[in-house]
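Chemist: Next up is a structure, given as structure tokens.
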Amino acid sequence: MGARQRPNILLITCHDLGRFLGCYGVPTVRTPHLDRLAAEGVRLTRAFCTAPQCSPSRASLYTGRYPHSNGVMGLTHGDFAWDLHPDERHLAQYLGSIGYDTRLIGIIHEARSAERCGFDEVIPPQHGEPISDQTLAILRRCADQPQPFYLQLGYHEPHRVACPGEERPDFMGFTGDYIAADDSLGLTIPPYLADTPQTRAEIAELQGAVAYMDAALGRVLEGLRSLGLDEQTLVIFTTDHGLALPRAKCTLYDPGLETALLMRLPGRGWSGGTSYPQLVSNVDITPTLLDLVGLPVDAALQGRSLLPLLDGGAYQPRPCMFAEMTYHDYYDPQRCIRTETHKLIVNFSAAPAFMNPSQSWQPRSRPVTPPDPPVAYHPLVELYDLERDPFEQQNLAEDRAQQALRADLLARLYEWMRTTDDPLLHGAVTSPTHLRAIAALQHPDDRPGDAR
């Protein structure tokens, strides 16, 4: 496949969105531009991520490999310091090797540095509007060049941000000092949260932040149209994981793993508002793009190409998907298998029942069924019937009638961990922070700076 035949690729991500969009059935959030993208392209209705936190999930998205395989088992920034293994290849490196003009605009959270990932140009993160301005300028330059482009556009919104001047400095909200909360169409309270005044205030902020991101992104999509790049550009929109709300982000429950995934490539027939209900994982995205541009899908990649599905050919759906968490705010190793109908989670430590994703001393939103008692710890094994209990409230792991299913799912999860050489099978995982602490003890006069 020659360079001129290969499509341009505009891969757009945002933080912490889950599927909180109009096109995924949320009627009170204003997302006209993403809803239009879904109507003009294709929508994967059951897309999930490999990990319910930023860096590990993104590392899977851009390498086609699970976090415990690519090296990013926790956050990459600051003293968390996780990073891709030296021999891991980023999507930008694959595409750059065949002549793509590769540019990063905004958020990178899958590695310690953007330069390591092979981009030709890097535009640092900003708020959504200025990031869109930068993207439009780059698109205008790219429109006249002969080689195809890969633009990786990362919006920060709707991630939580500090609230300058807030009377209550003990929480982080979604609006900062530049976004307005929005309840003009009402509020959609996720069913796993208690409907309280505090939750309503927080959801109004979230809706405002999502609307802000959609408006900023909409300018980029309109620019693509006005430059005549629509037909030859694959637009992908996705997010890293679920909403930054209790029992969502930082958990292996579906609200933590669910992701929006929209694609549009009219020249190949990825259009018309088609919906695909098959189970897919974001570890499948890099293999799909390599397949699309004619690169071999390396056997080391652990995802699978969705090209046959999207092209309307013969496609064998995934019977299940796997996800994991090892480190986020603290060490909380978990692994799960999700089938069409059930979820099984194994917890490797006695950490709190779920990690708090609110980045706040006193969270405002509360789960509809809080842990009992409030300081409860993980059970060893969790098993949920997703058809009868989609928000995973009733743990069936000790139900005598479910023991055959439990044994089967445990065996399948173990086999995945074994074949992907999950380090948890060999003992506790040591973090980069631990290693840096040892180095500080051994070399007290050294003052290493942050590698980022």
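The values are calculated or read from the model by the stated rules, or taken from the named source; none is laboratory data. Note that the structure is a prediction, hence the values are computed from the model and not measured. Don't worry about glycine lacking a Cβ; one is built from the backbone with ideal geometry, like all the others, and counts go over all protein chains shown. The protein model used for the area step is the full one, side chains on, heavy atoms only, and it has no ligands, DNA or RNA in it. Shrake-Rupley method; radii C 1.70, N 1.55, O 1.52, S 1.80 Å.
Chemist: Per the helix-only calculation at 222 nm, which mean residue ellipticity applies to the chain, given -39500 (n - 2.57) for every DSSP H run of n ≥ 4 and division by its residues, nearest 500 deg cm²/dmol?
Modeler: -8000 deg cm²/dmol
Chemist: Now for a separate question. If each residue of separation counts as 0.36 nm, what is the full-extension length gain between Asp195 and Asn395 once their alpha-carbon separation is subtracted?
Modeler: Working it through step by step, the gained length comes to 69.7 nm.
Chemist: Accessible area of Glu231, 1.4 Å probe, to the nearest 10 Å²?
Modeler: About 110 Å², ignoring ligands and nucleic acids.
Chemist: Taking square-rooted eigenvalues a ≥ b ≥ c of the alpha carbon gyration tensor, is the range 338-452 rounded, prolate or oblate, where a/c under 1.5 means rounded and, failing that, a/b exceeding b/c means prolate?
Modeler: It comes out oblate by the Cα gyration axes.
Chemist: Follow-up. If we sort 263-269, 46-52, 393-399 on the protection proxy, mean other Cβ atoms within 10 Å, highest first, what's the order?
Modeler: Packing order, densest peptide first, comes out as 46-52, 263-269, 393-399.
Chemist: Kirkwood hydrodynamic radius (Cα pairs, Å) of the range 212-362?
Modeler: 17.9
Chemist: How large, in percent, is the carbon and sulfur part of the accessible surface of the chain at a probe radius of 1.4 Å?
Modeler: Solvent-exposed carbon and sulfur of the chain make up 53 percent of the total.
Chemist: Please compute the contact order of the chain in relative form: average sequence separation of alpha-carbon pairs under 8 Å and at least six residues apart, divided by the residue count, as a percent.
Modeler: Over the chain, the number comes to 23 percent.
Chemist: Over the chain, with the other protein chains present, what is the accessible area per residue in square angstrom, probe 1.4 angstrom?
Modeler: Details: 17830 Å² over 452 residues.
Using a 1.4 Å probe on heavy atoms only, each residue of the chain averages 39 Å².
Chemist: Amide H to amide H, which residues 5 or more places from Trp270 or on other chains are under 5 Å from it, using H placed in the peptide plane?
Modeler: Distant-sequence amide H within range of Trp270: Leu265.
Chemist: If you don't mind, there's one more thing I want to ask. Out of His85, Gly64, Ile123, whose Cα points farthest toward the positive end of the dipole of the range 60-141 (charges: +1 Lys, Arg; -1 Asp, Glu; placed on Cβ)?
Modeler: The listed residue farthest towards the positive side: Gly64.
Chemist: Would you mind giving the average projected area, over all directions, of the Cα convex hull of the chain in nm² with one decimal?
Modeler: Its Cα hull, projected and averaged over all orientations, spans 22.4 nm².
Chemist: Along the positive direction of the dipole of the chain (beta-carbon charges: Lys, Arg +1; Asp, Glu -1; about the Cα centre), which of Ala216, Ala407, Val297 reaches farthest?
Modeler: After comparing all options, I get Val297.
Chemist: With charges set only on the Cβ (+1 for Lys and Arg, -1 for Asp and Glu), what does the dipole of the chain come to about its Cα centre, in debye to the nearest 20?
Modeler: Working: 39 positive and 55 negative charges, 153 e Å.
For the chain, the charge dipole is close to 740 debye.
Chemist: Let me ask something else. Using per-residue counts of other Cβ atoms within 10 Å, averaged over each peptide, order 99-105, 197-203 from highest down. Provide the component values of the computation, followed by the final result.
Modeler: Details: 99-105: 21.7, 197-203: 18.6.
The most tightly packed comes first, giving 99-105, 197-203.
Chemist: Whenever you get a sec, line up Ile12, Ile179 from highest to lowest accessible area (probe 1.4 Å, protein heavy atoms).
Modeler: I get Ile179, Ile12, largest accessible area first.
Chemist: Quick check on packing: order 244-256, 24-36 by the mean number of other C-beta atoms within 10 Å, highest mean leading.
Modeler: Values: 244-256: 25.8, 24-36: 18.0.
Top of the packing list down: 244-256, 24-36.
Chemist: Just subtract the alpha-carbon distance of Arg418 and Gln316 from 0.36 nm times their residue separation and send over the number in nm, one decimal.
Modeler: 34.4 nm
Chemist: To continue, here is another question. How large is the dipole of the range 1-41 about the Cα centre if only Lys and Arg carry +1 and Asp and Glu carry -1, each at its Cβ, rounded to the nearest 20 debye?
Modeler: Approximately 180 debye in magnitude.
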